[in-house]
Each structure stands twice: as structure tokens, then as C-alpha cells.
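Have a look at the structure below, then the notes.
The values are calculated or read from the model by the stated rules, or taken from the named source; none is laboratory data. Treat the numbers as computed from the prediction; the structure is a model and nothing was measured. Here Cβ is always computed from backbone atoms with ideal geometry, including for glycine, and neighbour counts include all displayed protein chains.
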């Protein structure tokens, strides 16, 4: 997405976390990291202890994907999504979610081919985008320069049918009203629609 490049993979394993054992259901989880020189300055590797930001983002990715996955149809299997930022220019978490949907869909097609599941267990498409206000103007898909000077910025996760999964919004300088929120969500919906179409092209569906 622009100058933000994410490398996302999905791995299927015949196991589930201890709290899911004997439930008959599957699980989906995610890990997220930024390579040391993916941003404008070098950041430390997460190593064995991911930093707070990485933990928050990987929980967001997992939560978002589980909202559209039929876990009960997976059997006791886990899909782990690894999201690594190769180059970061803002919006890594939203790019990760959008790419992760494609990776999970692909992994489920692989599972269908091997008769692990009967069909792709995704209720509908899922994508994410950032929106914000920079210099009094609404922006879609903020890059680093825009995000760092935004008066308001927001990350929106939506389904293909237009339902909200998560909204993370912050007023950086002054509070914003319901009218501004409505404008930003409308712009986000436009971006999500375009991303869902791009996902379909990538998957050939």
C-alpha cells in the first residue's frame, strides 16, 4: 500500500492453544513485527519479548480476522498469521490486516485441496484503512508525513458488507464532533471497497 510494504504469511498447524483443546474448534492468531530498518530510523528487534506496540497490533490483527472466520468448522487446527513490515511509511497495521485476509483465504484453499476442511471458512472479506484530518482536509490512507501532522487520525477495520469490526480514533490537537466522525467513516468505507476489490483480484475470485 503506497510505500508501506508488508510480508504476510499464514501457517496451518494441527494443534490449538491449551484453552481450546477438546473444543472441536480451531483458532487463529497473529504475530507482527517491523524489521529494524523498515522505518525512517532503526528500531530494535522484538526478540523474545515483543514491545507493547507490536503486541497491541498483533492482537488487533488476530481479533479482526477471527471476526470473519468460522472457527467451529476448522477442527482443532491453528492458523498463525505472520505480518512483517519490510518498509514502513504509515499504516502498517491496516496493511497487515488487509494482506492477512488474503493469506488466510489462500491457506484455507490449501486446506480444502487436502480435504482438511470442506470449503473456505470465511464469512466475508475483511480489510482495514487509515483516515485522518491534515490541515483541515480529510485524508484517506495516511502516509508517515501525513500521519505525524494529523489533527485527527483513525484506523478503521470493516467487512466487505460495510460492517465495522474495529475503530481506533484519536484527536491529536482538539476534539472532533460526530459530523467529522461520520465524514471519516464514509471515506474509510470508500477505501475499504477498493481494497476488497484488490483482494479479489489478488485471489482470483
Every pair of residues 6+ apart whose Cβ atoms lie under 8 Å, when the first sits in the range 190-205 and is assigned to a helix (DSSP H, G or I) while the second is surrounded by fewer than 13 Cβ atoms within 10 Å (Cβ to Cβ): 192/162
Given the condition modelled with pLDDT of 95 or more, in contact with a strand residue (DSSP E or B) (Cβ under 8 Å, 6 or more places away or on another chain), assigned to a strand (DSSP E or B) and surrounded by fewer than 22 Cβ atoms within 10 Å (Cβ to Cβ), answer yes or no: does some residue in the range 144-158 qualify? no
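Examine the range 47-61 for a residue that is part of a helix (DSSP H, G or I), touching a residue at least 60 places away in the same chain (Cβ under 8 Å) and touching a helix residue (DSSP H, G or I) at 6+ places or on another chain (Cβ under 9 Å), and state whether such a residue exists. Let's see the steps before the verdict.
As a first pass, look at the range 47-61 and keep what is part of a helix (DSSP H, G or I): 52-61.
Narrowing the set further to residues that are touching a residue at least 60 places away in the same chain (Cβ under 8 Å) leaves 60.
From what is left, the residues that are touching a helix residue (DSSP H, G or I) at 6+ places or on another chain (Cβ under 9 Å) are 60.
Yes, because at least one residue in the range 47-61 is part of a helix (DSSP H, G or I), touching a residue at least 60 places away in the same chain (Cβ under 8 Å) and touching a helix residue (DSSP H, G or I) at 6+ places or on another chain (Cβ under 9 Å).
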Taking the stated definitions as given, is residue 6 touching a strand residue (DSSP E or B) at 6+ places or on another chain (Cβ under 9 Å), crowded, with 21+ Cβ neighbours inside 10 Å, under 28 Å from residue 142 (Cα atoms) and modelled with pLDDT of 95 or more? yes
Output the number of residues of the range 159-189 satisfying the condition of being in a strand (DSSP E or B), at pLDDT below 95 and crowded, with 16+ Cβ neighbours inside 10 Å. 1
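Taking only the range 78-111 into account, find how many residues are assigned to a helix (DSSP H, G or I), under 12 Å from the mean Cα position of the chain (by Cα) and closer than 17 Å to residue 202 by Cβ. Lay out the reasoning, then the answer.
Taking the range 78-111 first, the residues assigned to a helix (DSSP H, G or I) are 92-111.
From the residues that got through so far, the ones that are under 12 Å from the mean Cα position of the chain (by Cα) too are 92-104.
Of the ones still in play, those that are also closer than 17 Å to residue 202 by Cβ are 94-104.
Residues meeting the conditions: 11.
One line per residue, one yes/no per condition, for (1) touching a strand residue (DSSP E or B) at 6+ places or on another chain (Cβ under 7 Å); (2) exposed (fewer than 13 other Cβ atoms within 10 Å of the Cβ); (3) modelled with pLDDT under 90; (4) part of a loop (DSSP other than H, G, I, E, B):
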site: 15; (1), (2), (3), (4): yes, yes, no, yes
site: 31; (1), (2), (3), (4): yes, no, no, no
site: 37; (1), (2), (3), (4): no, yes, yes, yes
site: 42; (1), (2), (3), (4): no, yes, yes, yes
Filter the range 120-143 for residues that are without any contact (Cβ under 8 Å) to a residue 24 or more places away in the chain and part of a loop (DSSP other than H, G, I, E, B); the one that is surrounded by the most Cβ atoms within 10 Å (Cβ to Cβ) is 120
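Restricting to the range 44-62, what's the tally of residues that are surrounded by fewer than 13 Cβ atoms within 10 Å (Cβ to Cβ) and modelled with pLDDT of 75 or more? Steps first, please.
In the first step, residues of the range 44-62 are kept if they are surrounded by fewer than 13 Cβ atoms within 10 Å (Cβ to Cβ); the result is 44-45, 47-49, 52.
From what's left, modelled with pLDDT of 75 or more: 52.
The total comes to 1.
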